[in-house]
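Working notes for the structure below.
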Amino acid sequence: MTQADIGLVGLGVMGANLALNIADNGYKVAVYNRTAEGTQAFIEKAGHLKDMFIPCYSTEELVANIKAPRPIILMVPAGAPVDQQISVLKDHLKDGDILIDAGNSDFHDSNRRYKELAGTPFNFVGMGVSGGAEGARFGPSIMVGASEAAYGRIEPILKAISAKHNDEPCVALMGPEGAGHFVKTLHNGIEYADMQMIAEVHEVLTETLSLRLQEQAEIFSKWNEGPLASYLIEITASVMAVIDEETGKPILDVILDTAGQKGTGRWSAVEAHLLGVPATGIDAAVAARCMSASRALRQEVAELYPQSDAVLTWEIKQEGIDACERALIAGKIAAYADGFAVLAAGGKENGWDLPMGDIARIWRQGCIIRSRFLDEIAQAYDENSDLKSLYLAPAIAERMKDAVPGLRDVLSLSITNSVPTPALSAALNSFDMIRQKRTAAYVIQGQRDFFGQHGFERTDKEGSGFHGPWPAGGA
Ligand code: NDP
């Protein structure tokens, strides 16, 4: 039997779809699943692609059935399962083999694994894959952390299976070590912010304009033809239009209001804090998911603090809808500005020269945050590869200036009407602060010097370590 071009371990949702995608592109795949039933079930469902797979029932069999040098993809849950698989496989791998962790691993783990395995004859690659099951099957966005040599060897397969934007493959080398997983983490952080802001605008449309879900589905479909055009806006319109078969109600009316999280959004927020870079929209989105999960507490508090019935609204309905569209545009720009700032800082901290323009380019198709706006970001980096902040890109600045008044309108009304808008509010506050020439931090410096003699700098003199003539009570 001809040997396989590549191996894949873990035939769950992502692994099975990725294996089918690889086979569809003409590469033979040796597949292995922890439980044999998983492998058998996969082969039974492989249909016309069946002959493109070699089912394997042990690690030895898997390795023996792949052409050397062997690329092997791990598509198992992040954490201990990845380490277990590495320890099982590593004694069988030879010179030039490439072990690719394609799950949602913490990039710190990928950094560690990359360094730990540096002395072995094979290469370790940490690879972020985005696009869910459908992306895995028909073309995901792929963010690779690898040495240039290892990347060069797997690039043809990755280019073949990745999503395409105007024929350009949505895959790129982000840098060595955990660079690929770091970029994937921030992708997910931005995704959290995007999703939360969409949910908030839905609530504003419901509470201030009494728009039903069917009407909102039409509004979101229309927005999907403009600057907000994106996968998340498109699927929100679809989700809003679906009717529950059991009750005949819109499905969103019967879905419980608690959103889960697996960790990548939180990792983005934590990383932003560790790097000292504000990512307030992502922070707020993570916090909002936590808040949604405290359902029982929310019921109790709601009893004690009932909402008022009075509702302030827009006089002209279309004005409200347009303001909501602009609020989402402004919020999105702020979330991406933060996200890209964290990427830049993380790249610097880890010694990776992250290709910022390529990141925007490979996110334009295949991944969950794919959107028309990413074209504008890619263009901004094409025009200035040293861009300090997305806010400084001329085209993005124009868009932001146009959109911010809409965000202010929406927030004024949502705050008056007690409609929670944590991510949109965070976005506006972050923008309002980043454009301040003088923040209120001089008060904090005064306080710190008062109680702790921390010293401060002055606006009118060079130097540092000045102290105030504080009254008695200061430290
Ligand atoms: P599934 O739960 O569908 O599949 C997990 C697979 O891993 C199964 O084949 C399972 O085998 C195997 N597995 C579980 N534990 C171990 C272990 N200890 N050792 C060996 N194999 C093990 O998960 P997904 O396919 O959804 O996710 C896989 C990875 O991809 C995760 O890291 C996830 O975060 C990431 N990811 C998921 C996305 C999604 O939309 N689902 C999107 C992008 C990335 P068995 O059949 O025996 O249980």
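The values are calculated or read from the model by the stated rules, or taken from the named source; none is laboratory data. Source: prediction; values computed, not measured. Cβ sites come from the backbone with ideal geometry, for glycine too, and all protein chains shown count toward neighbours. All accessible areas refer to the heavy atoms of the entire protein, side chains included, with ligands and DNA or RNA removed. Shrake-Rupley method; radii C 1.70, N 1.55, O 1.52, S 1.80 Å.
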Per the filter on the stretch 32-58, residues open to solvent by less than 40 Å² (accessible area, probe 1.4 Å) and more than 10 Å from the ligand (Cβ to nearest atom) are ILE43, ALA46, LEU49, PHE53, ILE54, CYS56, SER58
Is the stretch 126-140 home to any residue that is over 14 Å from the mean Cα position of the chain (by Cα), farther than 23 Å from CYS367 by Cβ, within 15 Å of the ligand (Cβ to nearest atom) and assigned to a helix (DSSP H, G or I)? no
When you look at ALA78, is it open to solvent by 40 Å² or more (accessible area, probe 1.4 Å), aliphatic (A, V, I, L, M) and under 22 Å from GLN3 (Cβ atoms), yes or no? no
If you check GLY26 against the conditions, is it more than 13 Å from the ligand (Cβ to nearest atom), touching a residue at least 40 places away in the same chain (Cβ under 8 Å), open to solvent by 40 Å² or more (accessible area, probe 1.4 Å) and under 31 Å from the mean Cα position of the chain (by Cα)? yes
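Residue-by-condition table, conditions (1) in contact with a Gly (Cβ under 8 Å, 6 or more places away or on another chain); (2) free of Cβ contacts under 8 Å to residues at least 12 places away in the same chain; (3) open to solvent by less than 70 Å² (accessible area, probe 1.4 Å):
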position: VAL342; (1), (2), (3): yes, no, yes
position: GLY347; (1), (2), (3): yes, no, yes
position: GLY351; (1), (2), (3): no, yes, yes
position: TYR381; (1), (2), (3): yes, no, yes
position: LEU390; (1), (2), (3): no, no, yes
position: ALA395; (1), (2), (3): no, no, yes
position: GLU398; (1), (2), (3): no, yes, no
position: GLY406; (1), (2), (3): no, no, yes
position: SER430; (1), (2), (3): yes, no, yes
Which count do you get for residues in the stretch 445-461 that are out of contact with any Phe, Trp or Tyr (no Cβ under 8 Å at 6 or more places or on another chain) and either farther than 14 Å from ALA472 by Cα or among the acidic types (Asp, Glu) (or both)? 4
Subset of the stretch 83-109 (residues that are hydrophobic (A, V, I, L, M, F, W, C) and more than 8 Å from the ligand (Cβ to nearest atom)): ILE86, VAL88, LEU89, LEU93, ILE98, LEU99, ILE100, PHE107
Do the conditions hold for ASN104, that is, is it touching a residue at least 24 places away in the same chain (Cβ under 8 Å), surrounded by 15 or more Cβ atoms within 10 Å (Cβ to Cβ) and part of a loop (DSSP other than H, G, I, E, B)? yes
From ARG70, ARG112, residue being away from the ligand (no atom under 13 Å from the Cβ), under 24 Å from PRO140 (Cβ atoms) and either surrounded by 14 or more Cβ atoms within 10 Å (Cβ to Cβ) or in contact (Cβ under 8 Å) with a residue 12 or more places away in the chain (or both): ARG70
Filtered residues of the stretch 452-466 (kept if on the phi > 0 side of the Ramachandran plot and surrounded by 12 or more Cβ atoms within 10 Å (Cβ to Cβ)): GLN453, GLY455
Looking only at residues in the stretch 303-338 that are of a type in the set (D, E, K, R) and in contact with a Phe, Trp or Tyr (Cβ under 8 Å, 6 or more places away or on another chain), which one is nearest to ARG364 (Cα to Cα)? LYS332
Which condition from (1) within 13 Å of the ligand (Cβ to nearest atom); (2) open to solvent by 50 Å² or more (accessible area, probe 1.4 Å) is the one that ALA16 breaks? (2)
Testing THR206 on (1) surrounded by fewer than 20 Cβ atoms within 10 Å (Cβ to Cβ); (2) hydroxyl-bearing (Ser, Thr, Tyr); (3) under 30 Å from LEU117 (Cα atoms), one condition comes back false. Which one is that? (3)
Residue check: is ALA150 more than 16 Å from the ligand (Cβ to nearest atom), assigned to a helix (DSSP H, G or I), surrounded by 22 or more Cβ atoms within 10 Å (Cβ to Cβ) and among the hydrophobic types (A, V, I, L, M, F, W, C)? yes
For GLU177, indicate whether it is open to solvent by 10 Å² or more (accessible area, probe 1.4 Å), acidic (Asp, Glu), in a loop (DSSP other than H, G, I, E, B) and touching a strand residue (DSSP E or B) at 6+ places or on another chain (Cβ under 8 Å). yes
May I ask you to list the residues in the stretch 225-258 that are part of a loop (DSSP other than H, G, I, E, B) and in contact (Cβ under 8 Å) with a residue 40 or more places away in the chain? GLY226, PRO227, LEU228, ALA229
